[in-house]
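The values are calculated or read from the model by the stated rules, or taken from the named source; none is laboratory data. All of these numbers come straight from a predicted model, not from anything done at the bench. With ideal geometry, Cβ positions are generated from the backbone for all residues, glycine too; neighbour counts draw on all protein chains shown. Heavy atoms of the whole protein, side chains included, go into the accessibility calculation; ligands, DNA and RNA do not. Shrake-Rupley method; radii C 1.70, N 1.55, O 1.52, S 1.80 Å.
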Amino acid sequence: MDGSLRVADKYHDVKQRIEQTAVQCGRDPDDIQLLVVTKGHRPGLVREVISAGAGMLGENYVQEALEKMEFIEESGFVEWHMIGHIQSRKAKDVIEHFDFVHSLDRVKIAKRLSRYAVERDTRIPCLLECNVTGEESKYGWSLWVKNSWESVFEKFSEIFELEGIDIQGLMTMPPYHPDPEHSRPVFRKLVELQEVLSQKFPDQNFKHLSMGMSDDYMIAIEEGATFLRIGTAIMGPRI
Ligand SMILES: *Cc1c(COP(=O)(O)O)cnc(C)c1O
C-alpha cells in the first residue's frame, strides 16, 4: 500500500515539475511527453504507475518486456516504447509488441524492422540513437566528430527509403556524470544535429528529441526535449 502511494506520488511530482520547468522556459508542456522507464521493475509496480496515469512505458530488453506484458492486463491500453539495443532476432517481437522505437542504431536492424512492419501492413515510428560524445555508451550512430557526419548521413538515407520505418527524430543518452549540467552540451549537440539533418533532408521529419532521464530531465526540457525517459525518479531503484 505504501509502495503504491509512493509510485503514484512520484509520478505526479515528476509530471508537475515537467510542467513547471516547461512554463518557466516558455515551452508548451503538451509538447513534452513523459515515458516511464519500467525496466527492472515487477509487473505489479508497473500496473501501479499505469493506474496513476502513465500512458507510455519504456523498456530496454525485449524478452523482459514480453514476460512482463503478460502480467499487465492494461498492456494493450498503453504505448510500449523500445529504448534499448535491439538484437536482430528480436526484430519481429518488437514489431508485434511495441509502438515506438527510440534506439534505432544500425541499417541492418532498420531493414529487419521494416520487413516485419510491412508484412503487418504498418510502419513503426523510430528515432535514430545518436552517440554524440564518443564516451561510454556502446550503441548509437558515431557522430562525435563532424568528419564522420556525412558517411553516417549516407546510412540514414538508406533508412529513409525503408517503407516500414517512419523516422521522427533523434535520441541520445549522455554518459553518466554526478553533475547533470554535464548533459547540457550533449543535448545541445543533438539539437545541432537535428538542425543540420532538417536542412539536408527537408522531406524528412526530425521533430522529436528523446533526451533527459531522472537526473537531467529538467535540463533536457530547457534544451528542447520532446520525450523524457524517466525511470528511477518515479519507479525507485531497479531490482
Ligand atoms: C534506464 C534508462 C533510462 C532511465 O534511466 P533513469 O536514470 O532510471 O531515469 C532512460 N533511457 C535509457 C536508454 C535507459 O536505458
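Backbone geometry of the range 178-184 corresponds, through the Karplus equation with coefficients 6.51, -1.76 and 1.60 at θ = phi - 60°, to 3J(HN,Hα) couplings of x, 9, x, 4, 5, 7, 4 Hz, x marking Gly and Pro.
Electrostatic bookkeeping for M211 treats Lys and Arg as +1 and Asp and Glu as -1; over the other residues with beta carbon under 9 Å from its beta carbon, the sum is -1. Sorting 163-173, 37-47 by average packing, meaning the other beta carbons within 10 Å per residue, from highest down gives 163-173, 37-47. Of the residues Q87, S114, G224, the one whose Cα sits farthest toward the positive end of the charge dipole of the chain, with +1 on the Cβ of Lys and Arg and -1 on the Cβ of Asp and Glu, is Q87. Take every Cα pair under 8 Å whose residues are at least 6 apart in sequence, average their separation, divide by the length of the range 87-190, and the relative contact order is 29 percent.
Counting only protein heavy atoms and a probe of 1.4 Å, the accessible surface of the chain is 47% carbon and sulfur. Placing +1 on the Cβ of every Lys and Arg and -1 on the Cβ of every Asp and Glu, with no other charges, gives the chain a dipole of roughly 560 debye about its Cα centre. Near S214, the amide H atoms lying under 5 Å from its own belong to G231, T232, A233; only residues 5 or more places off or on other chains count, and H is placed 1.01 Å from N. In the context of the full set of protein chains, the chain has a per residue accessible area of 50 Å² (1.4 Å probe). With a 1.4 Å probe rolled over the protein heavy atoms of all chains, the accessible area of E161, E195 falls in the order E161, E195, largest first. Scalar couplings 3J(HN,Hα) for the range 189-200, obtained by applying the Karplus form with A = 6.51, B = -1.76, C = 1.60 to θ = phi - 60°, are 5, 5, 5, 4, 4, 4, 5, 4, 5, 5, 6, 6 Hz; x denotes Gly and Pro. May I ask you to derive the relative contact order of the chain, considering only C-alpha pairs under 8 Å and at least 6 residues apart, and to give it as an integer percent? It comes to 21 percent, rounded to a whole number.
Backbone amide hydrogens, once placed in the peptide plane, bring G169 within less than 5 Å of L128, H208, excluding anything fewer than 5 places away on its chain. Normalised by the number of residues in the range 1-58, the average gap of Cα pairs under 8 Å and 6 or more apart makes the relative contact order 46 percent.
Between the range 2-78 and the range 92-117, what is the separation of their alpha carbon centroids in Å? With the range 2-78 and the range 92-117 each reduced to a Cα centre, they are spaced 22 Å. Charge tally for F77 (other residues, Cβ to Cβ under 14 Å; Lys, Arg +1; Asp, Glu -1): -3. Shown in residue order for the range 119-130 are the 3J(HN,Hα) couplings computed by the Karplus curve 6.51 cos²θ - 1.76 cosθ + 1.60 at θ = phi - 60°: 4, 8, 6, 9, 10, 9, x, 9, 10, 8, 7, 10 Hz (x for Gly and Pro). Kirkwood-type hydrodynamic radius, the chain: 18.2 Å, calculated from all non-identical alpha-carbon pairs. Taking amide hydrogens as placed 1.01 Å from N in the peptide plane, the amide H of F227 sits under 5 Å from those of Q33, L209, S210, M211, each at least 5 positions away in sequence or on another chain.
Before rounding to the nearest 500, sum -39500 (n - 2.57) across all DSSP H runs of length at least 4 in the chain and divide by the residue total; then give [θ] at 222 nm in deg cm²/dmol.
Theoretical 222 nm ellipticity from helices: -12500 deg cm²/dmol.
Sparsely packed loop sites in the range 94-185 (the trypsin sites (Lys or Arg not before Pro) outside DSSP H, G, I, E and B with at most 10 other Cβ atoms within 10 Å) comprise K138.
Computed over all pairs of different Cα atoms, the Kirkwood value for the hydrodynamic radius of the range 84-160 is 13.1 Å.
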